[in-house]
1. At what distance in nm do the modelled label points of Lys260 and Ala248 sit from each other, each positioned 7 Å from its Cα along Cα→Cβ?
2. How large is Rg over Rh for the range 101-171, taking Rg from the Cα atoms and Rh as the Kirkwood inverse mean of 1/r across Cα pairs?
3. Find the percent of Cα-Cα distances in the range 39-85 that exceed 13 Å, and round it to a whole number.
4. Placing +1 at every Lys and Arg Cβ and -1 at every Asp and Glu Cβ, with all other atoms neutral, what dipole size does the range 1-151 have around its Cα centre, in debye to the nearest 20?
5. For the range 159-267, build the charge dipole from Cβ charges (+1 Lys, Arg; -1 Asp, Glu) around the Cα centre, then report which of Thr223, Thr202, Gly253 sits farthest towards its positive end.
6. Assign unit charges at the C-beta atoms only (+1 for Lys and Arg, -1 for Asp and Glu), then state the dipole size of the chain relative to its Cα centre in Debye, rounded to the nearest 20.
7. Of all alpha-carbon pairs in the chain, indicate the percentage at a distance above 27 angstrom.
8. Using modelled backbone amide H atoms (1.01 Å from N, in-plane), which distant-in-sequence or interchain residues come within less than 5 Å of Ile126's amide H?
Amino acid sequence: MSIPEFGLGTFRLQGQVVIDSVSTGLELGYRAIDTAQIYENEAEVGEAIAASGIAREELFITSKIWVANFARDRLIDSLKESLQKLQTDYLDLTLIHWPSPEDQVPVEEFMGALLEAKRLGLTRQIGVSNFTVDLMKQAIAAVGAEHIATNQIELHPYLQNRKVVEFAQSQGIQITSYMTLAYGEVLKDSVILQIADRLQATPAQVTLAWAMQLGYAVIPSSTKRDNLASNLKACVLTLSDADMALIASLDRGQRLTSPKGIAPNWD
């Protein structure tokens, strides 16, 4: 995999809360951290990373360019600002967070600027987030599939996003699943609870293991030490083919994130 299969998300975490979450995660063994310009927590994430004393080369840091910074003359400057906040010389992965609203900035323009950032050494890899099949095709036309490491999308047992997954994988683009636990909704699902009970695992471990077994990277977040430690154990949990088929049957197209004015026309 070009990016780690398991990382720590920081969406909705700010201030001391995100500092504590990242600090605890790093202490427990997390080495991949996912943030974004719009989360307004890059400085705090950088503070926690710096205080950890962990060597930079041991870490995998991802951030995402916000839609206001897509223009060619703005994207690289905004990335440099993110690097300053994160107290690092480079990112391991930089994503386009959402497609440009109403195509105000063409895909070709912001993907070209992102590729230039890679050539300048500001980021090791680049990718996209919340891209449909059509938008991925445009991104591929702009920079080539070999330069697109991942498409980070909402993906959980209730929204399995198979059309997007199938196309991405056919192009060698890895899928990163965000909101893998569907804000905790799937943790109450009877099917997942039964599998968890049989495997003596938690519903979160089962759900995360399901996603990783399908080849997706996951970035769950938590503010609780016990949950952060427990989630890590998903990496050593194996589900049977029957378990995987049961979870596959839970798909009901239930999308939880679709911000008005930003979200594309979903597949």
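Read the figures in this text as sums done on the coordinates, not as results from a lab. Everything numeric in this text was worked out from a predicted model, so none of it was measured. Note that each Cβ is placed from the backbone with ideal geometry, even for glycine, and that neighbours are counted across all protein chains shown.
1. Between Lys260 and Ala248, the simple spin-label model gives 3.8 nm.
2. 0.99
3. Roughly 60 percent, rounded to a whole number.
4. 160
5. Checking the options against the dipole of the range 159-267, the answer is Thr223.
6. Approximately 240 debye in magnitude.
7. For the chain, the share of Cα pairs beyond 27 Å comes to 36 percent.
8. Thr94, Ala149
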